[in-house]
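Following: one structure in structure tokens, then a few remarks.
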Amino acid sequence: MTGTVDPPDVARRKRLYYGLFILGTFMCAAAVMLTLPALQYEFQQEATGATTEGDGIPYDVLTDQQQRVVDGALDGEQYVFETSQPLPGRANLAFEPTQLRVRKNGMVHTFTYQSVFPATEPMGLTVIGLAVGGLLTIVESVRRYHFAN
């Protein structure tokens, strides 16, 4: 019969590979958990312009910050926010452009907002780095464990 216990150097390497695998798994889980906080809201006026028909959120009920955002969007600005707080109405996570109507001075203005992933900003780069690093760590630990030679 052969022994069932690995020599100390082999056992140490196996523990290292298990540790690398677990580290990679945690890195991937952290990337998944940080994806939602990394999302941003993009807000701008729709190209169709204003109409006198339809309903919308009255401009007077908006907070000062929301009024500044609406006025800026009417002037052609495009905003990107980290939270939905400055957006008028009840903004939700929207991966497709969602319309929002605001009634100002008898005219109904249509705006669009959507959630975007900031791949070139620090938080987005962190998520991407964690995901890629985690996958590489997992692949390398499996490669070293099963294909040592």
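The values are calculated or read from the model by the stated rules, or taken from the named source; none is laboratory data. Keep in mind that what you see is a predicted model, and the values were worked out from it rather than measured. Methodologically, a virtual Cβ is constructed for each residue, glycine included, from the backbone with ideal geometry; neighbour enumeration extends over all protein chains shown. The protein model used for the area step is the full one, side chains on, heavy atoms only, and it has no ligands, DNA or RNA in it. Shrake-Rupley method; radii C 1.70, N 1.55, O 1.52, S 1.80 Å.
Going by the structure shown, is V102 in contact with a Gly (Cβ under 7 Å, 6 or more places away or on another chain) and open to solvent by less than 80 Å² (accessible area, probe 1.4 Å)? Criteria met by V102.
Pairs linking a residue in the range 14-27 that is touching a residue at least 40 places away in the same chain (Cβ under 8 Å) and farther than 12 Å from V142 by Cα to a residue that is in a helix (DSSP H, G or I) and among the hydroxyl-bearing types (S, T, Y), with Cβ atoms under 7 Å and 6 or more positions apart or on different chains, are L23/T137; M27/T137.
If you go through the range 56-84 and pick out every residue that is part of a strand (DSSP E or B) and of a type in the set (G, A, S), you end up with 0. Taking the range 113-140 as the range and being open to solvent by 20 Å² or more (accessible area, probe 1.4 Å) and out of contact with any helix residue (DSSP H, G or I) (no Cβ under 9 Å at 6 or more places or on another chain) as the test, the residues that pass are Q114, V116, T120, P122, L125.
Residues of the range 1-55 being assigned to a loop (DSSP other than H, G, I, E, B) and open to solvent by 40 Å² or more (accessible area, probe 1.4 Å), which ones?
So in the range 1-55, the residues assigned to a loop (DSSP other than H, G, I, E, B) come out as 1-7, 39, 52-55.
Residues satisfying the conditions are M1, T2, G3, T4, V5, D6, P7, T52, E53, G54, D55.
Residues that are touching a Leu at 6+ places or on another chain (Cβ under 8 Å) and open to solvent by 50 Å² or more (accessible area, probe 1.4 Å): does the range 78-99 have at least one? Within the range 78-99, one or more residues are touching a Leu at 6+ places or on another chain (Cβ under 8 Å) and open to solvent by 50 Å² or more (accessible area, probe 1.4 Å).
Conditions (1) without any contact (Cβ under 8 Å) to a residue 60 or more places away in the chain; (2) among the β-branched types (V, I, T); (3) more than 19 Å from F21 (Cβ to Cβ); (4) assigned to a loop (DSSP other than H, G, I, E, B), marked per residue:
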{"position": "P86", "(1), (2), (3), (4)": "yes, no, yes, yes"}
{"position": "R90", "(1), (2), (3), (4)": "yes, no, yes, yes"}
{"position": "T110", "(1), (2), (3), (4)": "no, yes, yes, no"}
{"position": "Q114", "(1), (2), (3), (4)": "no, no, yes, no"}
{"position": "P118", "(1), (2), (3), (4)": "no, no, yes, yes"}
{"position": "L125", "(1), (2), (3), (4)": "yes, no, yes, no"}
{"position": "L136", "(1), (2), (3), (4)": "no, no, no, no"}
